[in-house]
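Let me begin by presenting the structure, written as C-alpha cells, before commenting on it.
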C-alpha cells in the first residue's frame, strides 16, 4: 500500500527536514541542562497557574506560584527562567517582596533570609507580556486561525520554550508533583489542559470563564500545556477489558462545520489503540485522570501529559503520541542525551500499530521507511552528544529512524519475544513517574533476557556511529549452499570496529523460501547450509530486523566453493536434536567452540577419535553454531528443540 508520510519531530511531526531546520529560533543554542546552576538548589513540588488568555492574541498575564524544597546546603536566591519580553509586575517569596535581577532570560530573586536544606518555600511571580515572535513548531505560545476561521492560542514548551509563557525551571529530571491550572478566557472560549477539569467558573467575572484543571501525577515542565479556542468537547468513558475500571477520554475539537468527519473517526480509534498498548506495556499510566486531545493547527503532534496537542490527525500520528504517555511522560528520560528513550520508542510503536491493525505488510513497510531514513546519515549516532540545539535533539535520521531500528533489534535479540515486552513492562514499573537513562534500560533488558550481556549491542548501536554495509555472494552445489558476507562500515573514519550482530538470510527458490538466522562478527564470513530447492536469489535482512545496508543485489558466484568441512566429510546427527549432537568426520583434537545466535560462547572442547558428542541436553531451544578449528573454517548450524 502506498502511504503518504509526514515526518515526525519531537513527539512531533514536521513537514520537511529542510523546513525543520528553519523553525528553530532564539532558545535553541547553548543549552545543555539548566540555564543557571542556581536552579539546581531547589526541587519543585507544586505549581499554581492563574492565567488570562484569549483565543485571538498571544498576550498573556497573570501569576504563577512555585512551591519547592531546598536541596542545596543553603539557598540565598531563587533563580528561574522567563523571557525578557515578559514584564514582571511583582515577585514574592513566602509573601515577602524580593529584589529582582535579570541576566538574559535568567531571573533572580534575592532572598531577605537564607533558606536551609529541606526548607519549603513558595515563590509567586506576577507578569504580563507578548512572547517573542516566531514560526514553526517550537514556538512557546502560538496564535493561529483554522481553515474554517476559528481562532486559537496554544502552547509548546519542548524543549526550552516554557519560559516564553511562564516563569519556569526547565529541568527534565525535576518532575513537578502536582499542578493547578486556572485559565480565564472570554465567554464561549474553552481551555484544554493537563489532568482533570475540576470546575468552569462563569460567574466571577462577567463575560469570562475560568477553567480549573488539576493533575496529581508527577509531570515534567515541558509537558504542561494550555490550548484555548471555541472548542466543542467530546467526553466518554473507556472501559478496560476484563476489569470494572474505566477512564475518561476527553477531546476538544473545533466547533465549526469544517471539522472533518474522517478526523473525528480517527480520534474515535483512541480506545482500540489504548487497549493494544495496555496489553504491551501495562495499563495507561494516567488512567485515574484522563487522556484526550486538543485539536489545533500545530503541524504535527506534541504529547502533553494526559492531553496531546495535535494538528495532523492520522491514526498512526495518534498512536505515536499515545505511546509517549508511557515512553516520555510516565518514564521520562534522565538527560537530553537520552531523548531516544522517548522518540525512538514512539516511532517503533508506529510499526506495531501498523502491523496489529493493518497487517504484517503494513508493519514491514513502516520499518522499511524508517530504515531508508536512517541511511540518510552515514555517521549518525543515537545517543545525543550535542544537546545544545533542538536540531540535534530531534534529528530524524537518528533519534527517530535509527532509534526505532535499535528498539527493533533489541526485540530481535530477545530469547523469546515475550521477554522483550516483559522487560519493557518492568522498565515502566521500575521508573514510572520518574526518570530513566539509557544505562537503566540496558540493565532492565539484560535481566529480562536471563542475564544476557548487552554491552556490545549498546556500545555499537546507541553510543556508536553508523551501521554495517554488506556485499553478499552465494553459490549452491546440490543441496549444499554457501553464502559469503563482506562487511564494511557506513562511517569507517569514526567506527572501524566490525559490527557484531545477528542477521537473517532468505534463501529463495520459485515459490519457496526459508529464512536462516546467522551471526556476523568478522569482516569476511562464510556460512553453509543444507537446502535442496534450486536457489534463484539470496536476500539479506528480508524482514528488516537489523539496521544494515546491502551493496547491490546478492551475486550468484559459481566459483564460490561449498566447504567440505561442513557438508562433505562431516556427519551431524540428529540435527535438530532435543538432547546432544553427534559428529563424525572431525580430525582428532580439533578445537571446537559452540556459540548461541548472539555470539556468546556456550561450550568449548576438542574432538574425539571417531564420534564427538556436543552437549546440548541443558540448552534452551534455539539455533547454535559450532566452529571447528581456530581459523576461518565455517560454522556448523546446530538446531535444538
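The values are calculated or read from the model by the stated rules, or taken from the named source; none is laboratory data. For clarity, every value in this text was computed on a predicted model and none was experimentally measured. Heads up, the Cβs are rebuilt from the backbone with ideal geometry, glycines too, and the neighbour counts pull from every protein chain shown.
Let's see how each residue does on (1) surrounded by 15 or more Cβ atoms within 10 Å (Cβ to Cβ); (2) within 30 Å of residue 365 (Cα to Cα); (3) at pLDDT below 95:
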position	(1), (2), (3)
24	yes, no, yes
35	yes, no, yes
38	yes, no, no
43	yes, no, no
57	no, no, no
94	yes, no, no
97	no, no, no
114	no, no, no
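In region 285-292, the count of residues that are part of a strand (DSSP E or B) and surrounded by 14 or more Cβ atoms within 10 Å (Cβ to Cβ) is one or more. With respect to residue 435, determine if the residue is surrounded by fewer than 16 Cβ atoms within 10 Å (Cβ to Cβ), farther than 16 Å from residue 520 by Cα and touching a residue at least 24 places away in the same chain (Cβ under 8 Å). No, not satisfied. Annotation note: of 361, 346, 443, the sole residue that is free of Cβ contacts under 8 Å to residues at least 60 places away in the same chain and part of a helix (DSSP H, G or I) is 443. For residue 386, the criteria (1) more than 18 Å from residue 499 (Cβ to Cβ); (2) outside any loop (DSSP other than H, G, I, E, B); (3) touching a helix residue (DSSP H, G or I) at 6+ places or on another chain (Cβ under 6 Å) hold in every case but one, which is (2).
Check off (1) under 24 Å from residue 389 (Cβ atoms); (2) surrounded by 17 or more Cβ atoms within 10 Å (Cβ to Cβ) for residue 51 and give me the number that stays unchecked. Every listed condition holds for residue 51 apart from (1). Listed by position, the strands (runs of 3 or more DSSP E) contained in region 174-244 that have at least 3 residues being out of contact with any strand residue (DSSP E or B) (no Cβ under 9 Å at 6 or more places or on another chain) and at negative phi form an empty set.
Among the candidates 108, 155, 101, 122, which residue alone is assigned to a strand (DSSP E or B), more than 36 Å from the chain's Cα centre (by Cα) and closer than 29 Å to residue 42 by Cβ? After ruling out the rest, the residue left standing is 101.
Residues in region 431-443 that are under 18 Å from residue 177 (Cα atoms) and in contact with a helix residue (DSSP H, G or I) (Cβ under 8 Å, 6 or more places away or on another chain): 431, 436.
Does region 44-54 contain at least one residue that is touching a helix residue (DSSP H, G or I) at 6+ places or on another chain (Cβ under 8 Å), assigned to a loop (DSSP other than H, G, I, E, B) and under 30 Å from residue 310 (Cα atoms)? There is no residue in region 44-54 that is touching a helix residue (DSSP H, G or I) at 6+ places or on another chain (Cβ under 8 Å), assigned to a loop (DSSP other than H, G, I, E, B) and under 30 Å from residue 310 (Cα atoms).
Just one of the numbered conditions (1) within 15 Å of residue 293 (Cα to Cα); (2) part of a loop (DSSP other than H, G, I, E, B) is not true of residue 265: (2). Among the residues making up region 382-414, those that are at pLDDT below 95 and over 20 Å from residue 327 (Cα atoms) are 385, 386, 388, 389, 391. Based on this model, can you work out whether residue 53 counts as farther than 30 Å from residue 145 by Cβ and within 36 Å of the chain's Cα centre (by Cα)? Spelling it out, it is not the case that residue 53 is farther than 30 Å from residue 145 by Cβ and within 36 Å of the chain's Cα centre (by Cα). Strands (runs of 3 or more DSSP E) fully within region 572-612 that include at least 3 residues being touching a helix residue (DSSP H, G or I) at 6+ places or on another chain (Cβ under 6 Å): none found. Say whether the condition of being at negative phi, at pLDDT below 95 and touching a helix residue (DSSP H, G or I) at 6+ places or on another chain (Cβ under 8 Å) is met by at least one residue in region 323-335. Checked against the condition, which is being at negative phi, at pLDDT below 95 and touching a helix residue (DSSP H, G or I) at 6+ places or on another chain (Cβ under 8 Å), region 323-335 yields no hits at all.
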